[in-house]
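Student: Below is the structure I would like to discuss, written out as structure tokens.
Throughout, read-outs are computed from the coordinates displayed, never taken from laboratory work. All figures in this text were calculated on a predicted structure; none of them were measured in a lab. Please note: Cβ atoms are built from the backbone with ideal geometry, for glycine as well, and neighbour counts cover all protein chains shown.
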Amino acid sequence: MKTPVLCSKLKLALLLLILCLTGNVALAQEAMRDSDEFMVHDNGTVTDQRLNLMWSACAAGMTWDAGSCVGEPLRLNWNGARHAARNSTLGGHDNWRLPTIQELRDLVHCSSGRRQGPDNTDGGYRCDGGFASPTIVEDAFPDTPEEMFWSYSPSLFLSFGSMGVFFRSGGSFHRDREDLYLVRWVRDLD
């Protein structure tokens, strides 16, 4: 009787459908971002011309100084990260927010040109092969710590969790919202 096999396939198909509908599936992405896709501004912001977004060039807590990010980054829990984004006036803008996991994953740059994954927890596509770290376009986002950055997206595996990207490997992970990680803010361009 083939019913158990059919049930397993239906369960897998349903899980993939849920992941796609909630935006938590790692879709095929480019392994490399071109620095020409980003416009760096003198005020510590970066325009992502491909996605029509503006990013903070530095991790929260660091300061933009003539093309470099200096100082110590803030390590915040998820709620603290959301509140800090909403209260930011970086570059004269007051509509900053936490990025979705897809937006944050899109910043990953694998200098090897290769990704592996996704794993069974939707850990995303980590860089593969001999890649440079941090896994981000450093011309646009200088001095990025090789650490985890929060996204707004909830975790499907932790009831009080959200997802983040680890810029040492380029992979994304599920973390408890009380854990302390870094933040890079984003805003939609009008």
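Student: How long are the semi-axes of the equivalent ellipsoid of segment 28-188, taking √(5λ) for every eigenvalue λ of the Cα gyration tensor, in whole Å from largest down?
Tutor: Numbers: eigenvalues 97, 80, 35 Å².
Those come to 22, 20, 13 Å.
Student: Consider all pairwise Cα distances in segment 39-119 and report the whole-number % of them above 20 Å.
Tutor: On the way: 1312 of 3240 pairs.
Here the long-distance tail beyond 20 Å is 40 percent of all Cα pairs in segment 39-119.
Student: So which trypsin sites (Lys or Arg not before Pro) in segment 32-78 are both in a DSSP loop and have at most 14 other Cβ atoms within 10 Å of their Cβ?
Tutor: Working: sites: Arg33, Arg50, Arg75; in loops: Arg33, Arg50, Arg75.
Those that pass, being in a loop and sparsely packed, are Arg50.
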